[in-house]
Amino acid sequence: MQFYDSKQIEVMLSAEEIAARIAALGRQITKDYEGLSGGLVIVGVLRGCFMFLADLARAIDLPLEVDFLGVSSYGEAQESSGVVRMTQDLSRPVAGKHVLVVEDIVDTGLTLKYLLENLATRHPASVKVAALLHKPARTRVENPIDYLGFEIPDRFVIGYGLDYESKLRNLPFIGVNIGGSTPWKA
Ligand code: IMP
């Protein structure tokens, strides 16, 4: 039994490719933050980050805190409205701490821009960004991405935390719906 129709979903990045890339990002992050005073907080941007954050956190060999920010998504649409709304705030202050923002995907860059401006007002020791995916062709505002998993073409991707009509976040890989209709079993 498989909850999705594999004929309708083309695999773009397999679970193995994702795991290997995250292991490498974790090693790099560990090296870069080792010995820094102030403490590391990884801040996941809900909801798409949850799977990437869970795997990345385990790939970082340092003591760290985990926190989350919620931002409004596109709803059922697949286009950014350009209006970003915070729906959930951090649970603890980040002043004096090293913040690593963990994003599933940077598409237009509008969400990340808003978050970086917002975080800067809280006086962290530093702010860096880890994003699993980036679609350079869609960029409307430039942001620094310090740790990037993969650059991908301009296609709407699903799985590994990313949703299609609020579903398919639990696919273990990143894919593209090539079937047209909803690619899951009723
Ligand atoms: P941005 O503000 O346009 O960069 O959009 C960022 C957010 O849009 C991401 O955190 C995702 O939640 C959502 N998003 C952008 N592209 C995709 C996609 O291809 N699949 C699923 N969600 C996406």
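All of the numbers you see were taken from the coordinates with simple rules; none came from a lab. Small disclaimer: the values here were computed from a predicted structure and weren't measured. Cβ coordinates were reconstructed from backbone atoms using ideal geometry, including for glycine residues, and neighbour counts include every protein chain displayed.
Using only the Cα atoms, what convex hull volume per residue in Å³ does the chain have?
Taking the convex hull of the Cα positions in the chain, it is 119 Å³ per residue.
Between residue 156 and residue 58, what length comes free when the chain is fully extended (0.36 nm per residue of separation minus the Cα-Cα distance, one decimal in nm)?
32.5 nm
Relative to the longest principal axis of the chain, what angle (0 to 90°, nearest 10) does the C-alpha long axis of helix 15-33 take?
10 degrees
Would you kindly state how much longer the chain becomes between residue 46 and residue 10 on full extension, computed as 0.36 nm times their sequence separation minus their alpha carbon distance, in nm to one decimal?
Difference between extended and current length: 10.5 nm.
Looking at the chain, identify the longest residue range that excludes and avoids all chymotrypsin sites (Phe, Trp or Tyr not before Pro) in DSSP loops having at most 14 other Cβ atoms within 10 Å.
Between the exposed loop sites, the longest stretch runs 75-155.
Tell me the angle of helix 50-59 to the major Cα principal axis of the chain, expressed in degrees between 0 and 90 and rounded to the nearest ten.
50 degrees
Select from 124, 179, 158 the residue farthest towards the positive end of the dipole of the chain; place +1 on Cβ of Lys and Arg, -1 on Cβ of Asp and Glu, and compute about the Cα centre.
124
Report the net charge of residues surrounding residue 50, where surrounding means a beta-carbon distance below 15 angstrom and charges are Lys +1, Arg +1, Asp -1, Glu -1.
Charge balance near residue 50 sits at -1.
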